[in-house]
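The values are calculated or read from the model by the stated rules, or taken from the named source; none is laboratory data. Model, not experiment: these values are computed from the prediction. When we count neighbours, we look across all protein chains shown, and the Cβ atoms used for this are built from the backbone with ideal geometry, even at glycine. Areas reflect the complete protein model, heavy atoms only, side chains present, ligands, DNA and RNA absent. Shrake-Rupley method; radii C 1.70, N 1.55, O 1.52, S 1.80 Å.
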Amino acid sequence: MAEITEKIKRLKKEKNAVILAHCYQNPEIDEVADFVGDSLYLSRMAAQTDADIIVFAGVYFMAQTAKILSPDKKVLLPRKEAGCAMADMINLEQLRNFKAQYPGIPTVCYINSTAEVKSECDICCTSSNALQIVKSLNSDKVLFLPDQYLGKWVEAKLKNIEVITYDGCCPVHRNVLPDDVLKVKNLNPDAKILTHPECRKEVAALSDYVGSTTGIMKYAKESSAEAFIIATEKGVLDRLKRDCPNKKFIPVKDNLLCESMKCTRLEDIYDALNNEQYEITVEKTLSAKALSCIDKMLEVSK
Ligand code: 13P
Ligand code: SF4
């Protein structure tokens, strides 16, 4: 592993490349990553970098967002099959049908969506700024897609805004049931429950904290509590165990894994850099339209 890590580092230097990695990635990827974080942080890094090549250790919509934000850079996704099941739940036609049912209502799309979908929405959001973005629209009704659970969590938090949701979801987070949380909590009554907002709203309602992947990690690190039940993909739990060996982290259920996030290996990163594969391209007009949706988000949540 040390050998391939060194080879990747050498290639990065030679090609003036950066590696962005999502928190759910396999731990060995951290050894070569320049930036590790949640979707918002990685979008910001993609927009700011002066590297010539961005290798995105994550899923397709993240690499596509990076390409839209940095159209002059070469953006590479090491595994071309690394998609996001939630992003695939809505296409342009489905979006248009959804919007047609509610004319005149502003539309917020979660960053877990395609460029086509972003190109016809008013503003984008991530799990870490969804409340702020919805509020910024100053509307008593908003359309929210594709994630019904994030949308309904926002509605529950903001109280006076009706959030009309599309019926998409993340199959990984939907798998967490309120009963799973209660069972683990019964065995660990002092543990705080930390949850990603892609979980069901009944799960969010049982939680001490709901937030993005880095939000969960920050909360656990800063909290004086000693035990935490983690309701998100296993990558976050593994990171916390490594970073805070004196605290106890308990999975809300076993094997909460996003296969798309976990399919990228160091060998794939090496091949990506060496062969400059798999390059993400976004057609210019589409890219410009999707950029406006992402830029508005970055402007609101500076
Ligand atoms: P974050 O923005 O919280 O990292 O979430 C991205 C994601 O896909 C979670 O499933
Ligand atoms: Fe998509 Fe869910 Fe995987 Fe996140 S965990 S990338 S939302 S499928």
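Summary of values
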read-out	value
Rounded to the nearest 20 debye, dipole of the chain from Cβ charges on Lys, Arg, Asp, Glu	520
Contact order normalised by residue count of the chain, Cα under 8 Å, 6+ apart, percent	22
Within segment 188-219, trypsin sites (Lys or Arg not before Pro) in DSSP loop having at most 12 other beta-carbon neighbours inside 10 Å	none
Per residue value of the accessible surface for the chain (all protein chains in place, 1.4 Å probe), Å²	45
Aspartates and glutamates with Cα under 19 Å of residue 74, excluding same-chain neighbours fewer than 8 positions away	14, 34, 50, 52, 268, 271, 276, 279, 283
Lys, Arg +1 and Asp, Glu -1 on Cβ, resulting dipole of segment 1-126 about Cα centre, debye, nearest 20	240
Set of lysines near residue 296 by C-alpha distance (under 19 Å), chain-local residues within fewer than 8 positions excluded	67, 118, 135, 141, 284
Under 5 Å, built H, 5+ apart or other chain: amide partners of residue 147	110
Length-normalised contact order for segment 13-160 - Cα pairs under 8 Å, 6+ apart - percent	17
Karplus-derived HN-Hα couplings along segment 14-27 (A = 6.51, B = -1.76, C = 1.60, θ = phi - 60°), whole Hz, x at Gly and Pro	4, 9, 6, 10, 10, 10, 9, 10, 6, 4, 7, 5, 4, x
Eligible aspartates and glutamates near residue 234 by straight Cα distance, threshold 17 Å, same-chain separation 8 or greater	28, 30, 38, 180, 198, 243, 254, 259
Radius of gyration and Dmax over the Cα atoms of the chain, both given in Å	19.0, 57
Longest DSSP-loop-exposure-free segment, GluC sites (Glu not before Pro), the chain, at most 15 other Cβ within 10 Å	121-225
Gap separating the Cα centres of segment 116-164 and segment 85-115, nearest whole Å	12
Phi to ³J(HN,Hα) by Karplus 6.51 cos²θ - 1.76 cosθ + 1.60 over segment 86-101, Hz, x for Gly, Pro	5, 4, 6, 7, 9, 10, 4, 5, 5, 4, 4, 4, 4, 5, 5, 6
With every protein chain in place, the chain: carbon and sulfur % of accessible area (1.4 Å)	47
Sequence of 119, 128 when ordered by accessible area, the most exposed leading, probe 1.4 angstrom	128, 119
